[in-house]
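Read the structure below first, then the notes.
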Amino acid sequence: MVPNPRLNRRSLLSYGAIAGASLLMQPQSWAANLAQLPPYKGSNVILIRFGGGVRRRETIDPDHTYAPFLRHVLTKQGTLFTQMELDQIEGVTTSHGEGTLYLLTGKYGGFINSGDFSAPRLRSSTRRGSGSLRDRFESQVPTLFEYLRKNFAVKDHEVLLINGEDRTAEEFFSFSNHHLFGVNYRCQVLSLYRFKVYRLRQQIEAGYFQGQELQQKTKELQKLESLDYRNQGRYVYTSPLSQFWDEWQQYYSDSGLVNPRGDRVLTELAVWALQRLRPKFLMVNYNDSDYVHWGFPAHYTNGIAIIDRGIQRIFETVAADAEYRDNTTFCIVPDCGRDSNQFLSVPFQHHFNSPSAHEIFALFVGKGIKNNQIVEKKVSQIDVAPTLAQLMGFKADYAEGKVLEEVFV
Ligand SMILES: [Zn+2]
């Protein structure tokens, strides 16, 4: 459809009424703040969530692994903690959102679930719907993204979170509600959801749609953006991000049928991000192994193999890049383990609080990390955040874990 300038103006006006500007953003004060901060000179960090939920047996057990690159190649180059756990204490839940926030904040339970039906603040319009709306964890303590940006002059597109296509609740990990941190220190998120929002807004504002179609598309956009209500109406796409999505669209089109899907799209986004946005800190939230909830054990093991190949591709992208090679540290760690009860109709669940759902691992590889080391002492998932903080040169003040001193050269 040919853009119509007259309609374009009208559509912009009517759209402006529903969109509004984010009240949370304070761009001017933020820009001033950025100029006063020291430049970041630490190692680039890539945090890979090996999820959603895997057992040690199919990952780090050399005789049963479905992740040969992780176990047989990367492990020799770094430090592997074979006995990391989600602590067996009250309130610790073995699931994806929770585990991801334990990793990002270094604290168990430092969040509220605003998707909980008992949470009064959740608007009724967002209460209905699929599982993706149920768990919306808003962290009350800062995330690693925010600490990094509060300590150093790092732009928002240099701190990135890559999320799965059907996990809009994970948009909520980009910043906490902490009064000293929050949205001005957020990371940017790359996901098919964000791409969809970007394109739809761009098309509406360029006057692609008219009449009823325009109304329908405007409603669609409003619905999509309200999934992440903390952004109050619209996302901020800075120019590097707009350029990123324009290029993505030119290459893969809008159909969603050309670009890779599942965790393969996360790998693709990670590689594109490394090459185009040059992040200092990148987190990839893999989750294909979680398709086992549909009931087939092969979904679980295939998911692990897909994640392993993704890690290999990201690792090779880093190795082929003069600026990232020898200046990047990887941390690969699951969000949670999985149950071991093979008598259930759906094997490998993770909600039964069984010991193996608490059992995970962590592999650190790269700059500043001791190689070819296996550490068998019990450590905690909340130790990851303070360890990465030390590596990046700041202190995660609200984290409750310990720094894993063994990793450092
Ligand atoms: Zn799950």
All-but-one check, ASN372 against (1) within 15 Å of the ligand (Cβ to nearest atom); (2) surrounded by fewer than 21 Cβ atoms within 10 Å (Cβ to Cβ), failing number (1)
Looking only at the stretch 276-302, filter to residues that are outside any strand (DSSP E or B) and among the aliphatic types (A, V, I, L, M); which one of those is nearest to the ligand (Cβ to nearest atom)? VAL292
Hey, THR143 hits all of (1) in contact with a strand residue (DSSP E or B) (Cβ under 8 Å, 6 or more places away or on another chain); (2) at pLDDT 85 or above; (3) away from the ligand (no atom under 16 Å from the Cβ); (4) hydroxyl-bearing (Ser, Thr, Tyr) but one; which does it fall short on? (1)
Output the residue which, of all residues in the stretch 378-403 that are in contact with a strand residue (DSSP E or B) (Cβ under 6 Å, 6 or more places away or on another chain) and in a loop (DSSP other than H, G, I, E, B), is surrounded by the most Cβ atoms within 10 Å (Cβ to Cβ). GLY401
Subset of the stretch 256-275 [acidic (Asp, Glu) and either within 16 Å of the ligand (Cβ to nearest atom) or in a loop (DSSP other than H, G, I, E, B) (or both)]: ASP263
Take the residues in the stretch 137-172 that are among the charged types (D, E, K, R) and within 20 Å of ASP288 (Cα to Cα); name whichever of them is surrounded by the fewest Cβ atoms within 10 Å (Cβ to Cβ). ASP166
Scan the stretch 324-358 for residues that are within 16 Å of the ligand (Cβ to nearest atom) and either modelled with pLDDT of 95 or more or touching a Ser or Thr at 6+ places or on another chain (Cβ under 9 Å) (or both) and report the count. 18
I'm trying to understand the selection: among the residues of the stretch 173-188, which are surrounded by fewer than 24 Cβ atoms within 10 Å (Cβ to Cβ), farther than 11 Å from ARG230 by Cα and touching a strand residue (DSSP E or B) at 6+ places or on another chain (Cβ under 8 Å)? HIS178
Enumeration of residues in the stretch 60-91 that are within 16 Å of the ligand (Cβ to nearest atom) and among the polar types (S, T, N, Q): none
Close pairs (9 angstrom Cβ cut-off, 6 or more residues apart or separate chains): at pLDDT 95 or above in the stretch 374-386, in a helix (DSSP H, G or I) and of a type in the set (D, E, K, R) anywhere: VAL375/GLU406; LYS377/GLU406; VAL379/GLU406
When you scan the stretch 60-85, how many residues do you find that are in contact with a strand residue (DSSP E or B) (Cβ under 7 Å, 6 or more places away or on another chain) and either assigned to a loop (DSSP other than H, G, I, E, B) or of a type in the set (Lys, Arg) (or both)? 1
Checked the stretch 359-369 for anything within 26 Å of THR328 (Cα to Cα) and either away from the ligand (no atom under 16 Å from the Cβ) or not aliphatic (A, V, I, L, M) (or both); matches are PHE361, ALA362, LEU363, PHE364, VAL365, GLY366, LYS367, GLY368, ILE369
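The values are calculated or read from the model by the stated rules, or taken from the named source; none is laboratory data. Since this is a predicted model, take the numbers as computed values, not measurements. A quick note on method: Cβ atoms are made from the backbone with ideal geometry, for glycine too, and the neighbour counts reach across all protein chains shown.
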